[in-house]
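Asks: My structure is below; once you've seen it, I'll send some questions.
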Amino acid sequence: MYKPRRDDRRLADRRFPAPARGRTFRIPTVGADVVLVGYFSAKQKDFETVMASAATTLAAHGAQVVAQIVQRRGVSDGGARKMGLPYSSRTLLTYGKVREVALRCEETDAAAVVFTTPLTERQRRTLTAMLGRPATSISDVLTAG
């Protein structure tokens with residue numbers, strides 16, 4: 001026999017904290033340690049110069065890059081038409097690469113993680129929760145400083 005669902009068990013009735021929108025990350029002090037993460041397709045051959053440029057920009061804004069991690073999207077994993085798309089819409093990276101970034105952050109005691117690509121608000125919140133430190137993009141650091 002059909003039983004109607006109780007109103008107090010509905011997902012719509014649950015209250016979740018409102019996400020903080022529009023917050024940008026400011027490097028807390030001069031000399032803050034950050035981990036720089038880049039996401040590139042296999043078509044992009046100049047990723048090393050992009051990473052070096054981002055590290056120089058962060059150093060000019062008072063951060064110290066203690067580690068650099070690169071996630072490459074290759075042809076073998078989904079074909080050429082998917083090469084520019086992120087691996088995960090939630091984290092941009094593969095789960096293994098997120099664990100690698102978290103481990104590197106723990107080893108270096110980094111204050112933040114800075115991505116070379118723009119992050120959505122959802123990606124920023126998810127990565128911040130998973131990594132245990134602020135995650136932001138280089139464009140946010142430039143506009144905040």
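Asks: Filter the range 95-120 down to the residues that are surrounded by fewer than 18 Cβ atoms within 10 Å (Cβ to Cβ), in a loop (DSSP other than H, G, I, E, B) and touching an Asp or Glu at 6+ places or on another chain (Cβ under 9 Å) and list them by number.
Replies: Passing the criteria: Asp109, Pro118.
Asks: Let me ask something additional. Tell me yes or no: at least one residue of the range 121-128 is open to solvent by less than 60 Å² (accessible area, probe 1.4 Å), modelled with pLDDT under 95, in contact with a Leu (Cβ under 8 Å, 6 or more places away or on another chain) and aliphatic (A, V, I, L, M). Show your work before the answer.
Replies: Filtering the range 121-128 for residues open to solvent by less than 60 Å² (accessible area, probe 1.4 Å) gives 121, 123-124, 126-128.
Narrowing further to those that are modelled with pLDDT under 95: 121, 123-124, 126-128.
Still in the running and in contact with a Leu (Cβ under 8 Å, 6 or more places away or on another chain): 123, 127.
Within this subset, residues satisfying the condition of being aliphatic (A, V, I, L, M) are 127.
Yes, the range 121-128 contains at least one residue that is open to solvent by less than 60 Å² (accessible area, probe 1.4 Å), modelled with pLDDT under 95, in contact with a Leu (Cβ under 8 Å, 6 or more places away or on another chain) and aliphatic (A, V, I, L, M).
Asks: Within the range 129-145, can you find the residues that are open to solvent by less than 20 Å² (accessible area, probe 1.4 Å) and over 21 Å from Thr49 (Cα atoms)?
Replies: Within the range 129-145, Leu131, Ala135, Ala144 meet the criteria.
Asks: When you check Ala67 against the structure, is it assigned to a helix (DSSP H, G or I), under 21 Å from Gln123 (Cα atoms) and modelled with pLDDT of 90 or more, yes or no? Please lay out each step first, then the result.
Replies: Numbers: assigned to a helix (DSSP H, G or I): no; under 21 Å from Gln123 (Cα atoms): yes; modelled with pLDDT of 90 or more: yes.
No.
The values are calculated or read from the model by the stated rules, or taken from the named source; none is laboratory data. Nothing here was measured: the structure is a model prediction, and the numbers come from that model. Reconstructed Cβ throughout: ideal geometry from the backbone, glycine too, with neighbour counts over all protein chains shown. We work out accessible area using only protein heavy atoms, side chains counted, and drop any ligands, DNA or RNA first. Shrake-Rupley method; radii C 1.70, N 1.55, O 1.52, S 1.80 Å.
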